[in-house]
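Asker: Below is one structure. I have some questions about it.
The values are calculated or read from the model by the stated rules, or taken from the named source; none is laboratory data. Since we're looking at a predicted model, the values are computed, not measured. Neighbour counts are summed over all protein chains in view; Cβ atoms, including those assigned to glycine, are modelled from backbone coordinates with ideal geometry. What goes into the accessible areas is simple: the full protein's heavy atoms, side chains included, and nothing from ligands, DNA or RNA. Shrake-Rupley method; radii C 1.70, N 1.55, O 1.52, S 1.80 Å.
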Amino acid sequence: MDINVVDRFIEAKSALFSSLADEIWQFAETGYQERNSVRKHIDQLKAAGFNVQEGVAGIPTAFIAEAGSGGPVIGILGEYDALSGLSQKSMSLRCEPSAEIANGNGHGCGHHLLGTSAHLAALAVKSFLEERELQGTVRFYGCPAEEGGWGKAFMARAGLFNDLSAALTWHPWMVNTIWNMETLAVKQVYFRFSGISAHAGDSPHLGRSALDALELLNIGINFLREHMLPSARIHYAITNAGGIAPNVVQANAEGLYMIRAPKNQDVESIYARVCDIARGAALMSGCGLEIKIHSGCSNLVLNNVLNQVMHDNLSRFGAPSYDEEERGFAESMHRTTRPEEIEMAGRTLQGAWKDPKPLFDGIDALDVKRPGQLHGSTDVGDVSWITPTAQCFIACYAFGTSPHSWQWVAQGKSSIAHKGMLLAAKTIAASALELFVNPGLLDQARQELDQRLRGHAYVCPIPDEVSPPIPEQVVET
Ligand SMILES: [Zn+2]
């Protein structure tokens, strides 16, 4: 693959796509409400000659844009959702909400860059498939609500990734490396208890407390924690404590629980035990119980074959060069971080980075034999169960600044972020083209996936009857 051709194609689109990313940064639309961001992507994709299917999987802000014909079919995954409450002035070195963003949200996870870069990579691949008259299809997936809405899991449940030969994506980060870290599968579920209200002083014997049931559930889960996989996690929020009056026996109470574990099947077995505890809590307190699944996503299945392809291409391009002004800005941002944040930032690196600088300007080593473990989750996991999947992290932010922080929002329109976005597009495009030219790699990647799944077929963690949690009030910005 001629790296220079990819490099030139993408550099020539730099201004157009930097301004697209900036516009989406400005929209700052949260999960399932990304209507303006999606409109921008779709208009540009259609103008470039992609066939676009809008509103896929019953989600207004999910779409597929396709070009080419026949196999192999390479999917490139893009996102565009922001985080609520993270409005922040661009390039500011202190936490201050932006006057430009009316809805109070902010792009604190860089998904404005993620989706724009994936779009640009798909455009480059389309152009080369046509120019070289190669057989195959490139498909750009517009994936909504990664942040807790798990859009890709709903898209996977609808079968939208089933005919892919491979999927590629990336995430904006503080270093340039391959995502060689497993993530946890998660199931989000409501436990709702119903009791009988009564005067808590005069006639407590007539009441049945739903709040007692919820407390008993939590006590039971505390005992369970010692006897589950050490890397599993159960967190909860009390979403209804039954009111604020202590003198009324609480007739209703509800908690939202997140059950995380290394593999989908581990989550299912822990979930079954939590359900038993909830039934026990209902019996003990004399209350009724309703269990309602909210959503969930699968663990990430790594693929060494594709990770190596991506790493080789990333290394060929190398890190961007930065000028004095960019280095100075990164240094100032770096000074706003705490030592423990800098230590956390190093955990995605495989090679030793002896002297952390404010701006990562190298390419990390890849050791496929030493995968790491993140204790969070990503809905790319669902795609990775269905088709071989790889992703890279690309430096867009000063080292040590944390995702989901004001610092990430502040840096989202910087030239450093734009350069990272272009490097990601080049890496994804060159990797996809290598797979088109050398389909034997796709066979190897598929064999590896089959071996890793050991006969476990993909079962979406979200049952068919659960709808995507799309807010009723769609806020127009
Ligand atoms: Zn993210």
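Asker: For the range 185-297, with only Lys/Arg (+1) and Asp/Glu (-1) charged at the beta-carbon, what is the dipole magnitude about the Cα centre, in debye rounded to 20? Please list the in-between numbers first.
Answerer: Working: 10 positive and 9 negative charges, 72 e Å.
Charge dipole, the range 185-297, about its Cα centre: 340 debye, nearest 20.
Asker: Could you let me know the centre-to-centre spacing of the range 90-162 and the range 404-477, using Cα atoms, in angstrom?
Answerer: Using only Cα atoms, the two centres lie 8 Å from each other.
Asker: With a ≥ b ≥ c the root eigenvalues of the C-alpha gyration tensor of the chain, is it rounded (a/c under 1.5), prolate (a/b larger than b/c) or oblate? Could the numbers behind the result be given before it?
Answerer: On the way: a/c = 1.86, a/b = 1.60, b/c = 1.16.
Because a/c hits 1.5 or more and a/b exceeds b/c, the chain counts as prolate.
Asker: If you don't mind, there's one more thing I want to ask. Have a look at the DSSP beta bridges in the chain and tell me what percent are antiparallel, nearest 5.
Answerer: Within the chain, antiparallel bridges account for around 70 percent of the total.
Asker: Skipping prolines and chain starts, which residues have an amide H placed within reach, meaning under 5 Å, of the one on Ala62, given they are 5 or more residues away or on another chain?
Answerer: Close amide H contacts, sequence-distant or interchain: Gly55, Val56.
Asker: Give me the extension gain from Glu23 to Ile196: residue separation times 0.36 nm, minus the current Cα-Cα distance, reported in nm with one decimal.
Answerer: Extending this stretch completely gives an extra 57.0 nm.
Asker: Separate question: Order these peptides, 431-444, 178-191, 228-241, by their mean beta-carbon neighbour count within 10 angstrom, highest first. Don't skip to the end; give the middle numbers.
Answerer: Working: 431-444: 19.3, 178-191: 23.4, 228-241: 14.4.
Output ranking for 431-444, 178-191, 228-241: 178-191, 431-444, 228-241.
Asker: Same structure again: Counting only heavy atoms of the protein chains, get the accessible area per residue of the range 185-297 (1.4 Å probe) and round it to a whole Å² value.
Answerer: Per residue, the range 185-297 has an accessible area of 49 Å².
Asker: Take peptides 380-389, 91-100 and line them up by average Cβ neighbours within 10 Å, highest first, as a rough protection proxy.
Answerer: By packing density, highest mean first, the sequence is 380-389, 91-100.
Asker: Taking +1 at the Cβ of each Lys and Arg and -1 at the Cβ of each Asp and Glu, which of Tyr271, Asn222, Phe193 sits farthest along the dipole of the range 185-297 towards its positive end, judged by Cα position relative to the Cα centre?
Answerer: Tyr271
Asker: Counting each DSSP H run of 4 or more residues in the chain as -39500 (n - 2.57), what helix-only mean residue ellipticity at 222 nm follows after dividing by all residues, to the nearest 500 deg cm²/dmol?
Answerer: Details: 14 runs with 185 residues, N = 477.
It lands at -12500 deg cm²/dmol.
Asker: Return the subset of Lys126/Lys426; Lys126/Lys413; Lys152/Lys263; Lys187/Lys413; Lys13/Lys89 for which the Cα-Cα distance in this structure is over 23 Å, preserving the input order.
Answerer: Violating the 23 Å Cα-Cα cut-off are Lys126/Lys413; Lys187/Lys413; Lys13/Lys89.
Asker: Here's something else I'd like to know. About the Cα centre of the range 35-103, how large is the charge dipole given +1 on each Lys and Arg Cβ and -1 on each Asp and Glu Cβ? Please answer in debye to the nearest 20.
Answerer: The calculation lands at about 140 debye.
Asker: With label points built 7 Å along Cα→Cβ from the Cα atoms of Gln265 and Val368, find their separation and express it in nm.
Answerer: Between Gln265 and Val368, the simple spin-label model gives 2.3 nm.
Asker: Of the listed peptides 69-82, 449-462, what is their order by residue-averaged count of other C-beta atoms within 10 Å, with the highest listed first?
Answerer: On the way: 69-82: 23.1, 449-462: 14.6.
Peptide ranking by packing, descending: 69-82, 449-462.
Asker: Compute the distance from the alpha-carbon center of the range 66-82 to that of the range 259-303, in whole Å.
Answerer: If you average the Cα positions of each part, the centres end up 33 Å apart.
Asker: Let me ask you something else. Give, rounded to the nearest 20 debye, the magnitude of the charge dipole that the chain has about its Cα centre when Lys and Arg contribute +1 at Cβ and Asp and Glu contribute -1 at Cβ.
Answerer: Here the size comes out at about 600 debye.
Asker: So, one more: Write down the accessible area per residue of the range 49-167 in Å², having rolled a 1.4 Å probe over the full set of protein chains.
Answerer: With the other protein chains kept in place, the range 49-167 gives 31 Å² per residue.
Asker: With an 8 Å Cα cut-off and a minimum separation of 6 or more residues, compute the relative contact order for the chain in percent.
Answerer: Answer for the chain is 24 percent.
Asker: Take the solvent-accessible surface of the protein heavy atoms, probe 1.4 Å, and return the percent of it on the chain that carbon and sulfur atoms account for.
Answerer: 51 percent
Asker: Using 0.36 nm per residue, how much length does the chain from Ala48 to Arg94 gain when fully extended, once their Cα-Cα distance is taken away?
Answerer: 12.6 nm
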